[in-house]
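Since the structure comes first, as structure tokens, the remarks are kept for the end.
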Amino acid sequence: MAEVIARYSPVGIPPAAAVFARQVTARAVPHNTARAKTWLFAAGRIGAFAAGVGLELEAPVVLSVAVIERFVGAMGPHTPLSTRRTVRSSLKTLATRLDPGPPPAGLSRDRAKRPYTAGEIAAFLALADAQPTVSRRMRANGLICLGAGAGLIGVDLRAVTGGHVLSRSGGLVVEVTARHRRVVPVLGAYQGRLRSAAEFFADGFIVGGVEPTRRNVTTPLITSLSGGSDLPRLETGRLRSTWLAAVADAIGLRAFMDAAGIVCSQRLGDIIAELSPPSEADMVALLGGQA
């Protein structure tokens, strides 16, 4: 059993999510190999989801009822109902065995990654421009712009090549082809830098490496951008939060939630599912010009 858990390292799951899955599965003490594999699968997927939305990978947080239901809902109609039921059941069993207890008060707000300030982003971009080689300058700018300008993180970030960054629909978009296939309009303030990085790397991966299955390529790049005591460490989760905050402001999300008396966004997915999806041009018009 221990060997099955130790070997768990699936393609497409962030390393931190795989570590989380191994830890919680081992602590839950599965009685057979089949149960261990089922728990690893469920825990790895919810760990990747939690990391992607900026939650800390801790059992009391990730295995809370709210996060489990949010994750299962996000699996979407393309996932068979039987699979969603199995995953939900596995996660609830893990939660019960680990007995994480009730989530901390205000979990979503307290655990969300804090966005960078405009000054911090400007300082990071200045650091990127100060890198010693053209390649490192372009990679650093690409990382920051894909994170803060398009909200990419994890495998979605690592899989972007220069060819996925396209000028069309009246703006600049990124075609995401990894975990969640979609088109993302790039915020206006980041378009010039990201376009330059994309042109420089052409069909190569913007954040580095040569294989689609490579891992941990952002850490060396982030380490090289250490800004000293006056600047926090660059984190992809905080870059995504920076993008989320900018987009939320652009669409008036705070005004909508205040007017509706909504304090938790868990059920917004149910409402959105009833709406017609916007065209790419509409998304670019709404978000592509935002700073």
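Some notes on this structure:
- The listed residue being out of contact with any strand residue (DSSP E or B) (no Cβ under 6 Å at 6 or more places or on another chain), charged (D, E, K, R) and at pLDDT 85 or above, out of Arg233, Arg267, Arg214, Arg240: Arg240
- Conditions (1) surrounded by 19 or more Cβ atoms within 10 Å (Cβ to Cβ); (2) under 25 Å from Ala6 (Cβ atoms); number of the one not met by Val72: (2)
- Looking only at residues in region 165-186 that are out of contact with any Lys or Arg (no Cβ under 9 Å at 6 or more places or on another chain) and in a loop (DSSP other than H, G, I, E, B), the one that is farthest from Gly12 (Cα to Cα) is Gly170.
- Within region 160-170, the set of residues being in contact with a Leu (Cβ under 9 Å, 6 or more places away or on another chain) and modelled with pLDDT under 95 comprises Val160 only.
- From the list Val173, Val183, the one residue that fits, being among the β-branched types (Val, Ile, Thr), within 25 Å of Ala50 (Cβ to Cβ) and in the same structural domain as Leu244 (by TED's automatic domain parsing), is Val183.
- Test: residue in region 187-208 that is modelled with pLDDT under 90 and either in a loop (DSSP other than H, G, I, E, B) or not charged (D, E, K, R) (or both): yes
The values are calculated or read from the model by the stated rules, or taken from the named source; none is laboratory data. Note that the structure is a prediction, hence the values are computed from the model and not measured. So basically every Cβ, Gly included, is an ideal-geometry build from the backbone, and we count neighbours across all protein chains shown.
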